[in-house]
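Novice: Here it is, the structure, as structure tokens.
Taken together, the values in this text are just the output of simple stated rules run on the coordinates, not laboratory data. Treat the numbers as computed from the prediction; the structure is a model and nothing was measured. Cβ placement follows ideal geometry from the backbone for every residue including glycine, while neighbour counts extend to all protein chains displayed.
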Number of protein chains: 2
Amino acid sequence: MDPRIREHAEIIVEHSTGVQPGDNVVISAPSAAEDLAVALHELVGDRGASPVYLASDSRAQRAYLRAADADGLETPTHTQALYEASDVLIRVRAEHNATEESDVDPATQAAYSKSRKPVQEAALSKRWCLTQYPSSGNAQLAGMSTEAYENFVWDAVNKDWEAQRRHQARMVEILDPADEVRIKSGDTTDVRLSVDGMNTLNDNAEKNLPGGEVFTAPVADSVEGEVLFDMPLYHQGREITDAHLVFEDGEVVEHAAAENEDLLTEVLNTDPGASRLGELGIGMNRDIDRFTYNMLFDEKMGDTVHMAIGRAYDACVGEDREANESAVHVDMIVDMSEDSVIEVDGETVQRNGTFRFEDGFEA
Amino acid sequence: MDPRIREHAEIIVEHSTGVQPGDNVVISAPSAAEDLAVALHELVGDRGASPVYLASDSRAQRAYLRAADADGLETPTHTQALYEASDVLIRVRAEHNATEESDVDPATQAAYSKSRKPVQEAALSKRWCLTQYPSSGNAQLAGMSTEAYENFVWDAVNKDWEAQRRHQARMVEILDPADEVRIKSGDTTDVRLSVDGMNTLNDNAEKNLPGGEVFTAPVADSVEGEVLFDMPLYHQGREITDAHLVFEDGEVVEHAAAENEDLLTEVLNTDPGASRLGELGIGMNRDIDRFTYNMLFDEKMGDTVHMAIGRAYDACVGEDREANESAVHVDMIVDMSEDSVIEVDGETVQRNGTFRFEDGFEA
């Protein structure tokens, strides 16, 4: 077994979820990630915890959803009982074929998600970690060889997370007490928003592995200006490119895209909160140095910022602030590596991807 | 997908477990049986039931058990909660490597089984079915090519079970009201036992797929004579050949084996019940025409009888009879195809594998 698999498992069990003796642990992993599941079982056994291994197989899931009646879907109370009786949930993504569920009716998918809401709530109330195993299907989605993708994933995941936390903490110190943030990139992006009274969080690879972002929620009606999201957006199996949004009083008043603009329109029209921002994030994991059509990685890419239209994370919203509510949360990314600047309360804190607390920064 | 896989799934869902709308179903299947798991998910969805898919992976299980402290194993209460909230359990066996757990300490295995007793009880209280997918590892264990093993498994499994039930019912009619059974084969087997007051069951592929046996429990102290079990016995990864037992007043008073006699001795010494018979079974599935080192098949082989030392099945034991109790239940098989006879209350009911209710029977 590749030693990086054991290292990955060690980070999940030790750093991300802190498995303790007596813990009931759910390991959910498709067969493409069997090696990581085996390594996780070894560590769970070593720590005196009890594993149960869910197959999370997308071929089986597709077969079930295509056969099921969307109107008849009920909450799977046995799965709910399993999660409620658990302490730790480890969910590993890995596909042999990343488009396995492409011929499932989206309405059935939506009804299925809705029927599982109590299951999801049970899961999110536990210590949990979502991670990725470098399988062939995900490598293909990224347009990479499997070996290159393995290197990419394990470089991004198997890090000194304490050092990364300290690196990110310097940005949290700037953003958390701030009022106004301005993001400029080329001629196409110049947006101002307030984060006054909001909380800035340091994503240190606990619930998401890899971690590597610093994120907060904008004050909902404070966003003014325009953004060209020059990294692709992969949503419901379709790619939206060069999404362009114009904000007034926090709301999207104009939008366009080079490809699949209709899908962007559909997302923005989901509900009132879907045309406002719910998140501002700064990607700070420099081992993620390319876009791989996988938001678990893409949003943490070094030298990027991302903004999500839709739902804000409760933990980001200050006590006397209102959270933007929506059924959607769609992240979109801006490359900040060239001709770009992040200003906080009028001071430049990043230019062309280099932070002011780093060598080489030019004010 | 091989159409025989869908047929196999149909028998499990329709005949063996009768999946209904709203049922919570656990499908436990290793990755080697993924195709069957996919077919099962489709049928479960079609019937308006909810699946959860357990990986039951022997590599992960081995890794967990080798790392775990045998003295510290606790009941996995999350798995127990899952089973308790379920209606139907489908367990598929299939190995890439049938000796995957060969380097797990048997003491840890035993402690693990003990810790899971409440889980097992929860499982057995539901509608359940144990079956086999024809994987490469099980083919290898049988000494067969994978394709030949596929033919073997699906011939044995994908049958007209109503016709098979009627065939077996003729033997139940003979055995259920009987008193004495005598089994003779060559010069080496001549044993008499009483089944007076015991119940004879017709295994029609519900809990075991394939099914194909008629079985009961001997009156524990009634067994007299000797038996040479001329089919191999595969126990704890070792093969006991030509096990020879001599019974007096129901107890084994002499024993020998050509290979691994020490293992046979160990089994017989487990507890007092381990040196008495707990089961007499008549194999009646003629599509099982060879020994494959898999008791799920071997004990149902046509033209055989089997006897198990150890625990009797409660359902076989009449109300005013005592069940033989033991921690073990080890089946051993006698080939009845040549120079053999089964007598019931002094009348010949099978000679050289042919029952008296079949063409070609010679009294």
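Novice: Report, in degrees rounded to the nearest 10, the 0 to 90 angle that the Cα long axis of helix A:146-157 makes with the longest principal axis of chain A.
Specialist: Once rounded, the angle reads 70 degrees.
Novice: Once you wrap a convex hull around the alpha carbon atoms of the protein assembly as shown, what is its projected area averaged over all directions, in nm²?
Specialist: Result: 33.8 nm².
Novice: Moving on. Under the rule of at least 5 residues apart or a separate chain, name every residue whose amide H is placed under 5 Å from the amide H of A:Ala243.
Specialist: A:Phe229, A:Ala258
Novice: Grab the beta carbon distance between A:Glu10 and B:Glu74, set R0 = 25 Å, and tell me the FRET efficiency rounded to 0.05.
Specialist: Between A:Glu10 and B:Glu74 the formula returns 0.60.
Novice: For peptide B:19-30, what's the mean number of Cβ atoms from other chains within 10 Å of each residue's Cβ?
Specialist: Mean shielding count: 3.
Novice: Put the label 7 Å from Cα along Cα→Cβ for A:Pro272; what are its distances to the other copies, in nanometres, shortest first?
Specialist: 7.9
Novice: If you consider only alpha-carbon coordinates, what radius of gyration and Dmax does chain A have, in Å?
Specialist: Just the Cα atoms of chain A yield Rg and Dmax of 20.5, 60 Å.
Novice: Per-residue mean of other chain beta-carbon atoms within 10 angstrom of the beta-carbon, peptide A:31-38?
Specialist: Across the residues of A:31-38, the mean count of other-chain Cβ atoms within 10 Å is 4.
Novice: Sticking with this one: As I understand it, the dipole of region A:162-355 uses +1 on the Cβ of Lys and Arg and -1 on the Cβ of Asp and Glu, about the Cα centre. Which of A:Leu228, A:Thr265, A:Val253 lies farthest toward its positive end?
Specialist: Ranked along the dipole, the leading option is A:Leu228.
Novice: Now, a different point. Given A:Phe355, A:Ser28, A:Ala178, which one lies farthest toward the positive end of the charge dipole of the protein assembly as shown, if we put +1 on the Cβ of every Lys and Arg and -1 on the Cβ of every Asp and Glu?
Specialist: A:Ala178
Novice: Next up: Can you compute 3J(HN,Hα) from phi for each residue in region A:86-93, using the Karplus curve 6.51 cos²θ - 1.76 cosθ + 1.60 with θ = phi - 60°, rounded to whole Hz and x for Gly and Pro?
Specialist: With the stated coefficients, region A:86-93 comes to 10, 10, 9, 10, 10, 10, 9, 9 Hz.
Novice: Okay, moving on. Nearest 20 debye, what's the magnitude of the dipole of region B:162-355 about its Cα centre given +1 on Lys and Arg Cβ and -1 on Asp and Glu Cβ? Working shown, then result.
Specialist: Working: 15 positive and 44 negative charges, 153 e Å.
Result for region B:162-355 is approximately 740 debye, rounded to the nearest 20.
Novice: Would you work out the charge dipole size for region A:91-173 about its Cα centre, treating the Cβ of every Lys and Arg as +1 and the Cβ of every Asp and Glu as -1, and quote it to the nearest 20 debye?
Specialist: Approximately 600 debye in magnitude.
Novice: Under the Kirkwood approximation applied to all pairs of distinct alpha-carbon atoms, what is the hydrodynamic radius of region A:99-162 in Å?
Specialist: About 14.7 Å for region A:99-162.
Novice: Starting from the Kirkwood radius over alpha-carbon pairs of region A:244-305, derive D by Stokes-Einstein at 37 °C in a medium of 0.692 mPa s and give it in µm² s⁻¹.
Specialist: Estimated via Stokes-Einstein, D reaches 247 µm²/s.
Novice: Would you mind getting me the FRET efficiency between B:Gln109 and B:Ala256? Use the beta-carbon distance for r and R0 = 35 Å, nearest 0.05. Each step should come with its number before you reach the end.
Specialist: Details: r = 27 Å, r/R0 = 0.78.
Taking R0 as 35 Å, the efficiency between B:Gln109 and B:Ala256 is 0.80.
Novice: If the cut-off is 25 Å between C-alpha atoms, which lysines fall inside it for A:Lys126, apart from same-chain ones fewer than 8 positions away?
Specialist: A:Lys114, A:Lys117, A:Lys159, A:Lys207, A:Lys300
Novice: On to the next question. Going by alpha carbons, how many degrees (0 to 90, nearest 10) lie between the helix axis of B:58-67 and the longest principal axis of chain B?
Specialist: It works out to around 90 degrees.
Novice: Would you mind working out the magnitude of the charge dipole of the protein assembly as shown relative to its Cα centre, with +1 at each Lys and Arg C-beta and -1 at each Asp and Glu C-beta, to the nearest 20 Debye?
Specialist: Using only the charged Cβ atoms, the result is roughly 360 debye.
Novice: Arrange the peptides B:244-257, A:220-233 so that the one whose residues have, on average, the most other Cβ atoms within 10 Å appears first.
Specialist: Result, highest mean first: A:220-233, B:244-257.
Novice: I would also like to ask the following. Shielding by partners for A:65-71, please: the mean number of other protein chain Cβ atoms within 10 Å of each residue's Cβ.
Specialist: Neighbouring Cβ atoms belonging to other protein chains average 4 per residue here.
Novice: Points 7 angstrom from Cα along the Cβ direction at A:Asp190 and A:Asn352: gap in nanometres?
Specialist: That separation, rounded to one decimal, is 2.0 nm.
Novice: Residue by residue, what Karplus-based ³J(HN,Hα) values in Hz, rounded to whole numbers, does region A:161-178 have, using 6.51, -1.76 and 1.60 with θ = phi - 60° and x for Gly and Pro?
Specialist: 6, 5, 5, 5, 4, 5, 4, 5, 4, 5, 6, 4, 4, 7, 7, 4, x, 6
Novice: Over the Cα atoms of region A:3-158, compute the convex hull volume and normalise it per residue, giving Å³.
Specialist: In region A:3-158, the Cα convex hull volume per residue is 103 Å³.
Novice: Follow-up. In which sequence would B:Phe297, B:Phe361 go, from the one with the fewest C-beta neighbours within 10 Å to the one with the most?
Specialist: Working: B:Phe297 25, B:Phe361 15.
In increasing order of surrounding Cβ atoms, one gets B:Phe361, B:Phe297.
Novice: Compute the long axis of helix B:34-46 from its Cα atoms, compare it with the longest principal axis of the Cα atoms of chain B, and write down the angle in degrees, 0 to 90, nearest 10.
Specialist: With both axes taken from Cα atoms, the answer is about 80 degrees.
Novice: Could you work out the helix-only [θ] at 222 nm for chain B, with each DSSP H run of four or more residues adding -39,500 (n - 2.57) and the total divided by the number of residues, to the nearest 500 deg cm²/dmol?
Specialist: Rounded to the nearest 500, the figure is -8000 deg cm²/dmol.
Novice: Something else about it: In which sequence would B:Leu201, A:Leu36, A:Leu124, A:Leu89 go, from the one with the fewest C-beta neighbours within 10 Å to the one with the most?
Specialist: Least crowded to most crowded, the residues run A:Leu124, B:Leu201, A:Leu89, A:Leu36.
Novice: Okay, moving on. Tell me, what ³J(HN,Hα) does each residue in region B:207-222 have, in order and in whole Hz, if you take phi through Karplus 6.51 cos²θ - 1.76 cosθ + 1.60 with θ = phi - 60° and put x for Gly and Pro?
Specialist: Coupling constants for region B:207-222: 6, 10, 10, x, x, x, 9, 10, 9, 8, 10, x, 5, 4, 9, 8 Hz.
Novice: Could you tell me the distance between the Cα centroids of region A:272-305 and region A:84-153, to the nearest Å?
Specialist: So the two Cα centres are separated by 18 Å.
Novice: Using only the Cα atoms of region B:162-355, build the gyration tensor, take square roots of its eigenvalues as a ≥ b ≥ c, and label the shape rounded, prolate or oblate: rounded if a/c is under 1.5, else prolate if a/b is larger than b/c, else oblate.
Specialist: Here region B:162-355 falls in the rounded category.
Novice: Take B:Tyr53, B:Tyr83 and order them by how many other Cβ atoms sit within 10 Å, fewest up front. Kindly include the intermediate steps, with their values, before the conclusion.
Specialist: On the way: B:Tyr53 27, B:Tyr83 23.
Exposure proxy ranking, most exposed first: B:Tyr83, B:Tyr53.
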